[in-house]
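Undergrad: Let me give you the structure first, and then I'll get to my questions.
Read-outs: derived from the displayed coordinates by stated rules, not from any lab. Every value quoted in this text rests on a predicted model; they were computed, and no experiment measured them. Methodologically, a virtual Cβ is constructed for each residue, glycine included, from the backbone with ideal geometry; neighbour enumeration extends over all protein chains shown.
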Amino acid sequence: MLVAQDPEGPGETTEPVAYQGPRTTVTGAGLHIPQQRGPEMYTPAAYPSPASPPPSYYPPQYPAGYWPGQPPLPPRPRRRGLVATGVVGAAVLVLALLIGIAFAGSGGRKPVAGDAHPLAARSTAAGAAATATGSPKAETGVSGPILNALGKQSKALLAGDRDGYLAGLGGGLQDGFARRFGSLRAMGVQTWTPSLVDRPSQNADGTWSTLVRWDYCFGQGCTQTFPQVVQTSWTVSGNTATVAKYEQTSEPWDASVLQTSVGRHVIVAGTAASASKLQRVVAKADAAADVADRFAKWDPPPKWYIVYIAGEGEWKSWWDNGDIGANYDGYSTGPRGIVMQAADAGQDFLQILLTHEFGHVVTVGEDYGTAKTWWMTEGIADYIANGDGRTMQGRLPSVRWFVKHGWDGTITLGPPPESAGGEEISGRYGVALIAINCLAKKFTEPKMLDFFGEVVRKQASLEDASAKVFGTEWAGVASSCAGQVRNA
């Protein structure tokens with residue numbers, strides 16, 4: 001994904017239901033092209049299959065499924081990030097491709113109840129406490145009142161009824177709920193559907209704890225929903241349930257008061273400090289979205305591309321992003337949204353970086369890509385952003401350097417190693433772009449996209465995919481494209 005710094009209405013109401021079932025200067029044609037590095041651009045071994053819930057959600061004393069036929073918990077968003085820093089007369093840029101896990105362990109999740117009471121998280125620690133005091137009492141009779149309260153919250157939110165949304169809260173929760181209400185409304189929330197992930201269990205203090213899942217989407221006419229799972233605690237009296245504790249997450253709309261600017265095809269959001277930048281980003285983001293849409297071969301393009309503009313504070317906190325660091329300027333969680341610090345970048349660069357980012361959204365989203373296919377996932381994003389050829393022009397000097405200083409002669413490159421310098425990083429991205437461009441010119445763009453889909457999305461081998469799509473052996477194709485790198 002690309003990021004850089006340059007010196008220049010209420011929707012449908014749905015009833016809740018219980019679950020059923022290094023830095024471098026890149027030059028060329030006056031444009032500075034960012035380069036990515038990705039020491040962690042791989043799917044961790046612990047990442048569960050899409051059919052399995054993240055094991056961290058289930059402490060040892062609970063079974064892995066509470067409701068018969070329960071659908072899986074939401075996949076953990078992947079992050080891809082880019083670094084960029086401005087200097088006099090040149091943009092010093094580094095782009096990093098990282099896959100982070102927002103739902104792994106406590107990542108992206110801060111259990112709180114108001115400002116002072118940490119939620120009794122259903123974790124290994126909570127499991128130890130339960131073992132000491134006896135197994136928590138499980139009870140389905142309180143599910144109805146809890147679901148009823150959640151349904152009222154949903155209806156109030158979608159109707160813009162702030163007072164209704166804030167009703168039924170325990171002490172210390174109003175400020176957080178008010179912030180959440182304002183940001184969700186600013187994002188144009190259209191769907192906000194609750195359900196219970198597990199059966200409520202009673203705590204020692206008489207309250208009931210349960211995981212709540214919200215399925216939501218933003219923007220008028222949105223159709224693709226995304227899940228958020230939060231830990232909650234409730235006091236239940238008869239048919240009335242009151243929120244006692246509610247997990248504060250680090251998703252941008254949950255953690256900050258947001259303002260938005262809406263374009264034809266994009267929603268750009270930021271805090272008050274970023275308000276003056278929203279509209280300039282919208283114009284370029286709409287243009288970038290138009291380009292990216294053309295490459296949405298496997299799934300329909302998102303109704304709305306979502307861009308979050310982060311300041312220094314938000315950058316460190318949104319989506320539990322502290323591990324990436326302040327030098328990075330952008331990352332993506334697929335169609336959930338991209339986060340960027342480069343709202344002040346020059347207009348030309350801004351559109352290129354947004355096009356690259358959106359290219360990832362439509363080609364790999366948050367579900368595809370490994371270290372072995374790094375050259376394809378980054379190469380195709382650069383290819384999508386290379387409409388006028390300036391991305392390629394910006395890469396070529398580094399490619400020529402890399403060919404003479406360490407290139408192994410293959411196009412199937414993995415992420416730059418930690419020890420890589422700026423020229424190598426840029427050179428690797430350039431090789432990836434040349435390789436994808438070679439496939440498109442040699443076999444046509446549609447076949448290049450078919451080949452990408454076979455390898456990256458279906459995990460076919462290069463040899464099998466080449467025989468199926470190109471009708472020829474991969475070794476010859478790779479050798480031909482490697483020749484183009486040598487002659488660049």
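Undergrad: Return the long-range amide H neighbours of residue 460 (sequence gap of 5 or more, or a different chain), with a cut-off of under 5 Å between placed amide H atoms.
TA: 455
Undergrad: For every other residue with a beta carbon closer than 12 angstrom to the beta carbon of residue 277, add +1 if it is Lys or Arg and -1 if Asp or Glu, then tell me the sum.
TA: So the environment of residue 277 carries a net charge of +1.
Undergrad: State which entries of 284/372; 297/447; 372/458 exceed 21 angstrom in Cα-Cα distance in the structure shown.
TA: In this structure, 284/372 exceed 21 Å between Cα atoms.
Undergrad: Additional query: From the C-alpha coordinates alone, can you work out the Kirkwood hydrodynamic radius of segment 368-488, in Å?
TA: 14.2 Å
Undergrad: Karplus couplings for segment 189-197 from phi (6.51 cos²θ - 1.76 cosθ + 1.60, θ = phi - 60°), rounded to Hz, Gly and Pro as x?
TA: 4, 10, 10, 8, 9, x, 7, 9, 7
Undergrad: Shape of segment 273-315 from its Cα gyration tensor (a ≥ b ≥ c, root eigenvalues): rounded if a/c is under 1.5, otherwise prolate when a/b > b/c, or oblate?
TA: Prolate.
Undergrad: Separate question: Neighbour counts of other C-beta atoms within 10 Å: give me 358, 181 arranged from fewest to most.
TA: So the residues, fewest neighbours to most, are 181, 358.
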